[in-house]
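Encoded as structure tokens, the structure appears first; notes follow it.
The values are calculated or read from the model by the stated rules, or taken from the named source; none is laboratory data. Source: prediction; values computed, not measured. Cβ sites come from the backbone with ideal geometry, for glycine too, and all protein chains shown count toward neighbours.
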Amino acid sequence: MRAGVLQGVALVVLAFAGCGGDDGPAGPSGPGEDAGAPLADAGPASCATEEGVRALVFAPSCAGSACHDASRPRAGLDLVTPGLSERIQGVRSVHAACEDQLLVVPGDAPASFFMEKLLGTHDTSCGDPMPNRGELTPEQVRCVAEWIGSL
């Protein structure tokens, strides 16, 4: 089942990876909401900005349970404080089996190991797919791909 979902998400990412501009206000779906629903109620946030992707995707989906927050960032990856764009571009994976993989290749979401981790298409010796407590919605994955594309 996960493979089918991942293939669908991959198609969404590929379809929207080249999209530029702001599609309007967006925000994350919360518990109990339709996982395929567009991001809503986030005010002026834009997926093409670091502030937007942090607010729309990383803060609600990656910082909880002390995973990638500022106080105890797993794998040294703090996804919620300002300066993320500079901290993540051109940085190699901390997993020994994948140390040749760049987390984010600026402007190229499909070449970024970060996207492979979100989609679960990476070599499993490089760690678990992320987030480890459920999947991002297709809209959240598209948002991350748009942000990486804008770097």
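At a glance:
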read-out: Selection from the range 107-150 of residues that are assigned to a loop (DSSP other than H, G, I, E, B) and among the basic types (K, R); value: R133
read-out: Cross-chain or 6+ apart pairs with Cβ under 8 Å, the range 112-124 first and touching a residue at least 24 places away in the same chain (Cβ under 8 Å) and hydroxyl-bearing (S, T, Y), then surrounded by fewer than 22 Cβ atoms within 10 Å (Cβ to Cβ) and in a helix (DSSP H, G or I); value: T121/L6; T121/A10
read-out: One residue from S29, S46 being at pLDDT 90 or above, part of a loop (DSSP other than H, G, I, E, B) and closer than 18 Å to V141 by Cβ; value: S46
read-out: Within the range 125-148, considering residues that are surrounded by fewer than 21 Cβ atoms within 10 Å (Cβ to Cβ) and of a type in the set (G, A, S), the one farthest from E51 (Cα to Cα); value: S125
read-out: Filter result for the condition that a residue is assigned to a loop (DSSP other than H, G, I, E, B), modelled with pLDDT of 50 or more and in contact with a Phe, Trp or Tyr (Cβ under 8 Å, 6 or more places away or on another chain), over L79, L39; value: L79
read-out: Check on S125, out of contact with any strand residue (DSSP E or B) (no Cβ under 8 Å at 6 or more places or on another chain) and of a type in the set (S, T, N, Q); value: yes
read-out: Odd one out for S61 among (1) modelled with pLDDT of 90 or more; (2) in contact with a helix residue (DSSP H, G or I) (Cβ under 7 Å, 6 or more places away or on another chain); (3) among the small types (G, A, S); value: (1)
